[in-house]
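Remarks on the structure that follows.
The values are calculated or read from the model by the stated rules, or taken from the named source; none is laboratory data. Every value quoted in this text rests on a predicted model; they were computed, and no experiment measured them. For neighbour counting, all protein chains shown are included, and Cβ atoms are generated from backbone atoms with ideal geometry for every residue, glycine included. For accessibility, only protein heavy atoms count, side chains too; no ligands or nucleic acids. Shrake-Rupley method; radii C 1.70, N 1.55, O 1.52, S 1.80 Å.
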Amino acid sequence: MASSEDDSEFLAGRLLIAMPGIDDERFERAVIYVCAHDDQHAMGITLNRPVDGLTMPDLLTKLGVTVTDNHRDDIVLMGGPVERERGFVLHTDDYASPAGTLPVAEGVALTTSREVLAALAADGPPRKAVLALGYAGWGAGQLEAEMRQNVWLVGDPDPSLLFGDDHEHKWSAALARLGISADHLSGQAGRA
């Protein structure tokens, strides 16, 4: 059965950048990478919300995964308010788990299986990866309604936005990629 919407309207592989004045403080100044989007749902990982004081090696150790000594102290992100106890690894496509890797866009994949945790702890992890707890999710038509209400801007990702560690400035950097200065945005939506 053909979809009534053109697939080009779906946002998988794109960024959602929160507009000022968003009504939900959990998404204030959020930059979300959309991992899946169709006419039934959308899901994404927030890229700029570090979990205070939690590093990837700490979390992996707590989960019983042996971490090599040469592992970086990457921080863990709060991926969103849904299923916050579940881990999601956004990574380059040089790693894939047959049990749970979703190709998102060229060069980027999302894995939820436990095998990816072992890969992150070993000497041969994906070239770039972020570990997030939870995700942002929308039901059928919900994201589209928010788009019509000017809650989100849409942009294209780059490696520094996806995998960089300057979380404090990702929102303004994502806006700058669109040619927009945060100082010039209004929190008021309007109609012409």
Residue-by-residue Karplus 3J(HN,Hα) for the range 84-92, coefficients 6.51, -1.76, 1.60, Hz, glycine and proline x = 5, 8, 9, x, 10, 10, 8, 8, 5
Per residue value of the accessible surface for the chain (all protein chains in place, 1.4 Å probe), Å² | 54
Two-decimal log10 I(q)/I(0) for the range 58-192, as the Debye equation yields it once each C-alpha is a single scatterer, q = 0.14, 0.16 Å⁻¹ = -0.77, -0.96
Taking HIS37, HIS169, HIS184 and ranking on accessible area (1.4 Å, protein atoms only), highest first, one gets HIS184, HIS169, HIS37
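Only Cα pairs under 8 Å and at least 6 apart count here; give the relative contact order of the chain as a rounded whole percent.
Numbers: 364 pairs, mean separation 52.0, N = 192.
Across the chain, relative contact order equals 27 percent.
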Picking from PRO159, VAL82, GLN149, whose Cα lies most toward the positive end of the charge dipole for the chain (charges on Cβ: Lys, Arg +1; Asp, Glu -1)?
-> VAL82
Could you tell me what percent of the accessible area of the range 62-178 is made up of carbon and sulfur, with a 1.4 Å probe and every protein chain present?
-> 50
